[in-house]
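Q: Let me give you the structure first, and then I'll get to my questions.
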Amino acid sequence: MTRKLTLLAVLSAALLAPFVATPAGTAAAETAQQAQQARQETRLAIRSITPDVPRTPTTEIKISGSITNRGEAALQRVRIGLRTSSQRFTSRAELEVYQTGQAIGRDVSWGVGSTELQAPLEPGASATFELIVTPAQLQFGQFGVYPLSVEASDLYTGQPVDTWRSFLTYAPTGPAAPKLNKTKLAFALPIIDEPHRTDTTTFLDNDLAAGLEEKGQLTRLLQLAQSAPKNVTWFVEPSLLDDLATMSAAHQVRIKGKVEDRPADARADAWLKGLRTALAGVPVVAVPYADPDVVALAHQGLDRQTGGAIEKAAAVVKSRLERGDVSTAANWPAGGLIDADALDVLAISKVDTVLLSPENLPARQQLAATPAAAAPLDTVAGVVTALVPDQMLSRTLEQSGVQSRQRFVAETALIAAEPAATSVVVAPQRRWDPNPQHVTALLKTAATLPWVSVSPLGSIKPAKGTPPRADLNYTDDNRAAELDQEYLARVKKVADEARLTAEISPGLPQSGFEEAILRLTSAGWRKRLKAAESARKSVHSRVKTRHDLVTVPGTGTDQSKTLAGTDGLVPISVTNGRKENITVLVSVTSGSKDLVIEDYEPKLTIDANQSGTIPVPMRVKTSGDATVSVQLLTKDGVPYGEPSKLVIRTTGYTGVALVIVGGALAVMLAAVVMRVLRRRSEKRVARSAQAREAEVV
């Protein structure tokens, strides 16, 4: 009986246990849920860490920041503390793992430097704090990169509500300073935009005006150019400068299909003047005019456009920035991607340096150390230097904040600690929107680092003994991203027609449409093909209007010219409605074996707004109608427009016609003679009668 009661008690306890434990379990679950919610609703931000690199064990490291409660409940007691470790990072790969939160176990909570908020943090409220520690307190004993996180935790639950992870690089001076490799580091900063017009004063959108606003992209780019050190290299796209110069005068803007008149924009003129001053004495590379899609042009046989864009770029940037030392020897293709065909085109155009992404020119093998930025590439025109920007360092330019600057310092320190010295290029995305304060601070920090030598881009050259990179990697996806083949075929047709309008006018070296056509080939249209096609149609319309000013009037199946007889001269007229003199060749071919075109001089020069005629000898074998084709040609024999048709009407009765005409003339002459003789006879009779009357009297 006792055993039965005992067993019953045990079973009862087992059955009741879940119900007894439920309140405690619920409380624990609620606490965990509240902690999770607090982490989601709390924002910890660090405004500054000074200095960037502490140099002595007693250097004060000041960490300033703020914490914001974005939740609906107050945070009662919040502690702000540090997490760090005396264990240094040994590779750049470890930095990425730590910052993404995958290796948080390597740092521990540190008691020194912590602080506690004195009052509850109400919903929507923020509080600032400052932590002060030294390398000695953090037990940093030697040069290296150490984890440094700032953690906000709820003292009631002990749970962290937010963590800010970064790094601290300690570089002691004196005997403790290690011997580091000096890294040659170059910055490439772009001023590149998308097309906003073709070749007229009408803009396709209002984006440039928006960029000139107080917080606009162009304004930020100018601010950065004005504050950046003088040893960075700028890539400037010249058609953007032309656009801003156009905005400096009266212009038009197309808004929702309607064209609106706009007065001169003083901001555009001020921007150009500001950039001119900011880049004085600074290395400048002129991006090919309108930033053409170099790879797509090479694939579609439009090599001439790339060469023309490079040549045009130098002239425009020199003029707009009022300087004589502008380089076009470096090229930064769209996305940093290129293949061997496009590289050959650039090399032929005297480009000796290209900036390529790591995906386009990867390392041949997995390297423990940072690969050198420069690598030689063989082309049909000789060796070209490829510069491959460091992805992580380049990302720190685009991601604003103290965290990015600390990451930059840490990355460069670990590069300097690698076995061999190397060179590094840092370059953001080509069409970036920078934070000028952040980028300027980072550039100035780079100049103070003892293990970095900031240099112009042109000084980065391939070094002997560096591991070679793999071949150019240009994928099917890369090719699919190029400008559309059919679109470029239509652009080529427009370019050919425009070129012809100049070739028939000896006084014009160019057609005047070159800039518009270069703009149509811009890589900026890659994701805007509908807008690109609209721009192409606009340019083609203006080219066709110019083209059609030179015509062969009086042609067509309803028009005819008569050839009197079996042979003779038929005048062929050409009208020049242009403001320039033209010279064309007139090719006349027969569409019938019964009509023969004899030899004639085909060259015809016509003054502006005049017409010219060329006599063409023709001979017919039978009477009737025959058709001839009239084709205008350039001096090189290239057809100018489509051929015109002319109907030649012939009789073939030249001899009979002469007999008839001769007979008619004889009859008329005989009648005239008879009339004269009759009149003379009448006059004699009259005189005789008068004489007889006189005798009678």
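Q: Can you list which of the trypsin sites (Lys or Arg not before Pro) found in the range 356-420 are DSSP loop residues with at most 14 other C-beta atoms within 10 Å?
A: Those that pass, being in a loop and sparsely packed, are Arg364.
Q: Here's a follow-up. Need one number: % antiparallel among DSSP beta bridges in the chain, to the nearest 5.
A: Counting only bridges with both partners in the chain, antiparallel ones make up about 75 percent.
Q: Return the distance in nm (one decimal) between the two label points of a simple spin-label model at Tyr600 and Thr163, each offset 7 Å from Cα along Cα→Cβ.
A: Roughly 9.2 nm, to one decimal.
Q: Separate question: Can you work out the accessible area per residue across the range 182-314, with the rest of the protein chains kept in place, probe 1.4 Å, in square angstrom?
A: With all protein chains present, the range 182-314 gives 37 Å² per residue.
Q: Which percent of the accessible heavy-atom area of the range 41-99 goes to carbon and sulfur, probe 1.4 angstrom?
A: Ligands and nucleic acids excluded, carbon and sulfur reach 44 percent.
Q: Where in the chain are the DSSP H helices whose alpha-carbon span along the long axis reaches 30 Å or more and whose Kyte-Doolittle mean is at least -1.0?
A: The qualifying helices are 2-41, 654-696.
Q: Given the range 155-293, what percent of its DSSP beta bridges are antiparallel, to the nearest 5?
A: Antiparallel bridges: around 40 percent, rounded to the nearest 5.
Q: Ignoring ligands, DNA and RNA, what percent of the 1.4 Å accessible area of the range 207-350 is carbon and sulfur?
A: That fraction is 50 percent.
Q: Next question. Kirkwood hydrodynamic radius of the range 63-120 from all distinct Cα pairs, in Å?
A: Result for the range 63-120 stands at 13.9 Å.
Q: State the percentage of accessible surface on the range 478-582 attributable to carbon and sulfur atoms; use a 1.4 Å probe and exclude ligands, DNA and RNA.
A: 50
Q: Using the basic label-point model (7 angstrom from Cα toward the beta carbon), what is the Ala266 to Ala177 distance in nanometres?
A: With each label point 7 Å from Cα toward Cβ, the separation is 5.2 nm.
Q: I've got another one for you. What number, in nm² with one decimal, is the all-direction average of the projected area of the convex hull of the alpha-carbon atoms of the range 348-405?
A: 5.4
Q: Suppose all protein chains stay in the model; what accessible area per residue would a 1.4 Å probe give for the range 83-167, in Å²?
A: I get 46 Å² per residue for this part.
Q: Let me ask something else. One quarter of the convex hull surface, Cα atoms only: what value does that give for the range 47-95 in nm²?
A: 5.9
Q: Could you give the semi-axes, largest first, of the ellipsoid that matches the chain, computed as the square roots of 5 times the alpha carbon gyration tensor eigenvalues and rounded to whole Å?
A: Working from the Cα gyration tensor, I get semi-axes of 88, 30, 25 Å.
Q: Based on the Cβ-Cβ distance of Ala280 and Thr58, what FRET efficiency does E = 1/(1 + (r/R0)^6) give at R0 = 35 Å, to the nearest 0.05?
A: FRET efficiency, Ala280 to Thr58: 0.20.
Q: One quarter of the convex hull surface, Cα atoms only: what value does that give for the range 500-560 in nm²?
A: 6.1
Q: Roll a 1.4 Å probe over the protein chains and send me the accessible area per residue for the range 349-473 in Å².
A: Heavy-atom SASA per residue in the range 349-473 reads 42 Å².
Q: Next up: What is the spin-label model distance, in nm, from Ala125 to Leu529 if the labels are put 7 Å beyond Cα along the C-beta direction?
A: Going by the 7 Å Cα→Cβ label model, 5.8 nm.
Q: Calculate the tail of P(r) for the range 365-506: the fraction of all Cα-Cα distances greater than 27 Å, expressed in %.
A: It works out to 44 percent of all Cα pairs.
Q: Which entries in the list Lys493/Lys579; Lys579/Lys635; Lys492/Lys530; Lys603/Lys645; Lys350/Lys537 go over 21 Å, if you measure between the two C-alpha atoms of each?
A: Result: Lys493/Lys579; Lys350/Lys537 exceed 21 Å.
Q: Using only DSSP helix segments of four residues or longer, with each worth -39500 (n - 2.57), what per-residue ellipticity at 222 nm results for the chain after dividing by its residue count and rounding to 500?
A: Only helices count here, giving -11500 deg cm²/dmol.
Q: I need the phi-derived Karplus couplings for the range 509-516: 6.51 cos²θ - 1.76 cosθ + 1.60, θ = phi - 60°, integer Hz, Gly and Pro marked x.
A: Karplus-based 3J(HN,Hα) across the range 509-516 equals x, 9, 7, x, 9, 4, 5, 4 Hz.
Q: Oh, and also: What are the extents of the Cα atoms of the range 403-486 along their three principal axes, listed from largest to smallest and rounded to whole Å?
A: Projected onto its principal axes, the Cα set of the range 403-486 covers 53, 38, 24 Å.
Q: Here is a further query. Mind checking which lysines have their Cα closer than 29 Å to the Cα of Lys182? Skip sequence neighbours fewer than 8 apart in that chain.
A: Output for Lys182: Lys62, Lys230, Lys444, Lys461, Lys464.
Q: I would also like to ask the following. Using only alpha carbons, build the gyration tensor for the range 299-373 and give me the equivalent ellipsoid semi-axes, biggest first, whole Å.
A: Equivalent ellipsoid semi-axes, largest first: 28, 17, 9 Å.
Q: Quick check: convex hull of the Cα atoms in the range 231-390, volume per residue, rounded to a whole Å³?
A: Cα convex hull per residue, to the nearest whole number: 153 Å³.
The values are calculated or read from the model by the stated rules, or taken from the named source; none is laboratory data. No experiment lies behind these values; they were computed from the predicted model shown. Positions of Cβ are backbone-derived with ideal geometry, glycine not excepted, and every protein chain shown enters the neighbour counts. These accessible areas exclude ligands, DNA and RNA; they are computed on the full protein's heavy atoms, side chains included. Shrake-Rupley method; radii C 1.70, N 1.55, O 1.52, S 1.80 Å.
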